[in-house]
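The values are calculated or read from the model by the stated rules, or taken from the named source; none is laboratory data. Since the model is a prediction, treat every value here as computed from it, not as a measurement. Glycine also receives a Cβ, built like all others from the backbone with ideal geometry; neighbour counts cover every protein chain displayed.
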Amino acid sequence: MRLFLIRHGETVDNLAQVYAGSKDSELTSHGFQQAQRLARYLKGTDVRFTHIFASPLQRARNTAQAVLDAQSSPALKITRVAAIQEQDFGSFEGKSWLEGPSSSKPRPAGFVDIESKESMARRVDSFLDEHMAALWRSAAAGERCVVAIVSHGIILSVLWRRILRRLPPDSVTMRSDLLVPGRPVSLEYLGGFSNTGYLELDMARKGTPVARALDRVSGHTGTASSPRKRLAAQGTTGGVSSVANAAGSSVAPVPAPTRAVEKLPVTGGSSSSSQVLHGWTTEVITINGKEHLKGLKRTGGGLGSSKHDQNQRSIDTFFKRRRVD
């Protein structure tokens with residue numbers, strides 16, 4: 001299985017630097033061009049998706065639509081899943097990043113706190129159980145599965161960590177060109193997602209009967225440090241710090257919830273519904289992939305930063321190509 005975790009294109013609220021989690025922020029014209037670039041790049045590099053999942057919020061939905069349109073596959077559809085919407089910022093939705101609160105600040109009546117880590121983890125786990133588990137079984141049975149999950153920066157990071165907790169100990173590696181000598185690897189925190197940046201994973205199962213490929217996590221004895229230990233044992237010390245804070249990520253600073261939130265474990269089981277992919281190996285191929293954005297410049301005169309008009313045509317559509325016999 002090839003799995004792509006893709007962030008949406010730039011939005012008007014990214015540029016305005018306001019909190020927009022559940023707020024249905026629209027793509028800018030530049031964000032739409034980013035999505036088009038991504039779609040053409042993926043098709044041009046022979047990525048042929050079998051499944052596309054998307055958050056129902058329009059910034060993710062329209063980015064996914066661009067990817068779908070470029071695939072030229074009539075049978076391929078977008079499955080919208082509410083469980084992979086962005087973190088809800090509660091009463092901070094639509095407010096400036098500069099208004100990020102301190103936990104000691106008194107809250108007005110009717111104040112709604114931001115969504116907790118536990119809530120996001122539960123949502124993501126439900127998506128994995130209800131949608132991805134069946135695809136992992138199909139891939140284990142030999143079916144071709146190339147999956148795109150088009151969503152949002154924060155929830156995609158949560159999604160990766162929830163996938164990681166389902167992987168067997170000592171089963172995750174990183175492509176050598178992602179490693180920087182002398183810097184430690186942190187599989188749990190691979191860095192942020194730029195606009196239309198993506199995380200690419202190559203997942204494979206070998207040597208395990210299909211019936212056991214998805215066992216309950218309660219029988220899993222791995223620890224959170226197991227994947228890192230494997231990398232260290234192989235002598236592949238390194239890190240991804242060079243991409244962790246990539247320019248153009250436009251990720252809002254997350255205000256701390258007023259409630260205390262425990263740090264969630266990466267592996268091991270706290271949910272009886274979570275499952276471990278016994279016999280699977282995973283290689284991290286691309287972190288925050290942005291090759292498709294090389295050379296892309298924002299349209300001047302404020303047009304690139306304006307809300308994308310669905311009826312707007314690109315300049316190519318104003319000219320008919322001369323027919324070549």
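General remarks:
- Subset of the range 62-92 [on the phi > 0 side of the Ramachandran plot and at pLDDT 90 or above]: G90
- All positions within the range 108-150 that are of a type outside the set (A, V, I, L, M), buried (at least 19 other Cβ atoms within 10 Å of the Cβ) and more than 30 Å from R48 (Cβ to Cβ): E115
- The set of residues in the range 126-167 that are touching a helix residue (DSSP H, G or I) at 6+ places or on another chain (Cβ under 6 Å) and among the hydroxyl-bearing types (S, T, Y) comprises S126, S151.
- Long-range neighbours under 6 Å by Cβ, at least six apart or interchain, first residue touching a residue at least 12 places away in the same chain (Cβ under 8 Å) and β-branched (V, I, T) within the range 42-63, second surrounded by 22 or more Cβ atoms within 10 Å (Cβ to Cβ) and assigned to a loop (DSSP other than H, G, I, E, B): T63/H8; T63/G9
- Qualifying residue in the range 133-142 (condition: free of Cβ contacts under 8 Å to residues at least 24 places away in the same chain and closer than 18 Å to L76 by Cα): yes
- Selection of the range 96-149 for residues being in contact with a Pro (Cβ under 7 Å, 6 or more places away or on another chain) and of a type in the set (A, V, I, L, M) yields only I114.
- Looking only at the range 173-209, and only at residues there that are polar (S, T, N, Q) and part of a loop (DSSP other than H, G, I, E, B), the one that is surrounded by the most Cβ atoms within 10 Å (Cβ to Cβ): T196
- Selected residue (criterion: surrounded by the fewest Cβ atoms within 10 Å (Cβ to Cβ)) from residues of the range 50-106 that are charged (D, E, K, R) and within 23 Å of Q310 (Cβ to Cβ): K77
- Residue in the range 26-49 that is surrounded by the most Cβ atoms within 10 Å (Cβ to Cβ), counting only those that are closer than 21 Å to I285 by Cβ and hydroxyl-bearing (S, T, Y): Y41
- The one condition in (1) at pLDDT below 95; (2) touching a Pro at 6+ places or on another chain (Cβ under 8 Å); (3) not hydrophobic (A, V, I, L, M, F, W, C) that R165 fails to fulfil: (1)
- Any chance K95 is over 26 Å from R61 (Cβ atoms) and at pLDDT below 95: no
- Total residues in the range 104-129 satisfying the condition of being among the charged types (D, E, K, R), more than 28 Å from L27 (Cα to Cα) and touching a residue at least 12 places away in the same chain (Cβ under 8 Å): the figure is 3.
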